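One structure is given here, and the rest of the page talks about it.
The values are calculated or read from the model by the stated rules, or taken from the named source; none is laboratory data. Since the structure is predicted, the reported quantities are computational estimates derived from the model, not experimental observations. Neighbour counts are summed over all protein chains in view; Cβ atoms, including those assigned to glycine, are modelled from backbone coordinates with ideal geometry.
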């Protein structure tokens, strides 16, 4: 089941709830997620799996409130889950959520049709995830410094100025202008480009190191060395991740308090903060942080669901959903997991130059 980053949040309960109280808590969570209204004992007693009278339910709800799983917003109202109540619900899901047939078809159709460079795919995927869940969605793609170089060359711009061009397997083209001490001869440029291709192709940007080539004439060796330095510097100055946020407009309808809406929107505008938040929450596999568990005070009213994007087992990005703690956790978790899996397959196929695994076959 999903893991939670919980180092800064409230303590976890020291003992398990018995079967009856667990069933009542599950019923309260399900009813509150559905209606957004405090839940009374009569409604819980009608829920499948509870099987006791409203009076018994009422007594158990009082006990659950005393133990911190429920709270009563008004004395005359029913009860609603606390963050601890949601945490128990998520941790004790009997099985992972499953997308409905319409949503599964929507995801399959999207990935069979979406085309373009990585940035476009990620941006459109964030919109898809927001539509599936009705919450804000964040997609962080692999950074360019992990993308591998598929071709490299250096061309002359002026007598002593060259342009180093490196094409990456995620479709990006990186360029760097380099000034040299001597005029660039055609033969030396040709030799240097061949040496660059030999040293570059197959490496990730972050793996490129400036080094003195062996067996080349002095001018060609100088071109190669300076070009290696230029490409190595590209990885250092690049933004670490591609970040795309979809569904920000849905935040306003997710929270009652205007200040909460402003706080969440202001946080989403800070991309570096969002990336750090997702990485902090991300454990191995699907992870959920509820309320104060993620440690970001402006998002104390939010839950964050995170699923990794991995290429051949290596972390290569992350998919996140941000919404109120009153969310449909099984459905949102299923959406995050399906979309992250689809993106992982897409990026792996691109890296190996294979056909898209989600593209319909012809013939």
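All but one of (1) outside any helix (DSSP H, G or I); (2) in the same structural domain as residue 288 (by TED's automatic domain parsing) hold for residue 107, so report the exception by its number.
Going through (1) outside any helix (DSSP H, G or I); (2) in the same structural domain as residue 288 (by TED's automatic domain parsing) one by one, residue 107 breaks only (1).
On the basis of being surrounded by fewer than 18 Cβ atoms within 10 Å (Cβ to Cβ), in a loop (DSSP other than H, G, I, E, B) and not assigned by TED's automatic domain parsing to the domain that holds residue 303, does residue 116 make the cut? Explain how you work it out, then say what you get.
Working: surrounded by fewer than 18 Cβ atoms within 10 Å (Cβ to Cβ): yes; in a loop (DSSP other than H, G, I, E, B): yes; not assigned by TED's automatic domain parsing to the domain that holds residue 303: no.
Judged against the criteria, residue 116 is not a match.
In segment 159-183, which residue that is more than 13 Å from residue 226 (Cα to Cα) and touching a helix residue (DSSP H, G or I) at 6+ places or on another chain (Cβ under 8 Å) is surrounded by the most Cβ atoms within 10 Å (Cβ to Cβ)?
Taking the candidates together, the pick is 166.
Keeping to segment 1-33, report how many residues are more than 30 Å from residue 308 (Cβ to Cβ), modelled with pLDDT of 90 or more and under 33 Å from the mean Cα position of the chain (by Cα).
Initial filter on segment 1-33 (more than 30 Å from residue 308 (Cβ to Cβ)): 14-15, 17-21, 23-24, 27-28, 31.
Filter again for modelled with pLDDT of 90 or more, leaving 20-21, 23-24, 27-28, 31.
Checking which are under 33 Å from the mean Cα position of the chain (by Cα) leaves us with 23-24, 27-28, 31.
Residues in segment 1-33 being more than 30 Å from residue 308 (Cβ to Cβ), modelled with pLDDT of 90 or more and under 33 Å from the mean Cα position of the chain (by Cα): 5 in total.
Only one of (1) closer than 18 Å to residue 84 by Cβ; (2) touching a residue at least 60 places away in the same chain (Cβ under 8 Å) fails for residue 301. Which number is that?
(2)
Can you tell me which of 254, 263 is over 29 Å from residue 315 (Cα atoms), within 25 Å of the chain's Cα centre (by Cα) and at pLDDT 85 or above? Quick ask: steps written out before the conclusion?
On the way: 254 fails: at pLDDT 85 or above.
Result: 263 is the single residue among 254, 263 that is over 29 Å from residue 315 (Cα atoms), within 25 Å of the chain's Cα centre (by Cα) and at pLDDT 85 or above.
Within segment 87-108, how many residues are under 14 Å from residue 131 (Cβ atoms) and under 21 Å from the mean Cα position of the chain (by Cα)?
The number of residues fulfilling the criteria is 5.
Among the strands (runs of 3 or more DSSP E) confined wholly to segment 276-345, which include 1 or more residues that are surrounded by fewer than 22 Cβ atoms within 10 Å (Cβ to Cβ)?
Values: elements: 287-290, 302-311, 314-324.
The qualifying strands (runs of 3 or more DSSP E) are 302-311, 314-324.
Can you confirm whether residue 124 is free of Cβ contacts under 8 Å to residues at least 24 places away in the same chain, on the phi < 0 side of the Ramachandran plot, touching a strand residue (DSSP E or B) at 6+ places or on another chain (Cβ under 9 Å) and not assigned by TED's automatic domain parsing to the domain that holds residue 26? Quick ask: steps written out before the conclusion?
On the way: free of Cβ contacts under 8 Å to residues at least 24 places away in the same chain: yes; on the phi < 0 side of the Ramachandran plot: yes; touching a strand residue (DSSP E or B) at 6+ places or on another chain (Cβ under 9 Å): yes; not assigned by TED's automatic domain parsing to the domain that holds residue 26: yes.
Yes.
Looking at (1) at pLDDT below 85; (2) surrounded by 17 or more Cβ atoms within 10 Å (Cβ to Cβ), which is the only condition residue 220 fails?
(1)
Of the numbered conditions (1) touching a strand residue (DSSP E or B) at 6+ places or on another chain (Cβ under 8 Å); (2) under 30 Å from residue 335 (Cα atoms); (3) modelled with pLDDT of 80 or more, residue 249 satisfies every one except a single condition; which is it?
(1)
Report, by residue number, each residue of segment 195-211 that is closer than 25 Å to residue 158 by Cα and either surrounded by 14 or more Cβ atoms within 10 Å (Cβ to Cβ) or in contact with a helix residue (DSSP H, G or I) (Cβ under 6 Å, 6 or more places away or on another chain) (or both).
195, 196, 197, 199, 200, 210
So the check is Cβ under 8 Å with 6+ separation or different chains; which pairs have a first residue in segment 258-273 that's within 16 Å of residue 325 (Cα to Cα) and a second one that's assigned to a loop (DSSP other than H, G, I, E, B)?
If the second residue must be assigned to a loop (DSSP other than H, G, I, E, B), the pairs left are 260/301; 261/255; 264/255; 264/301.
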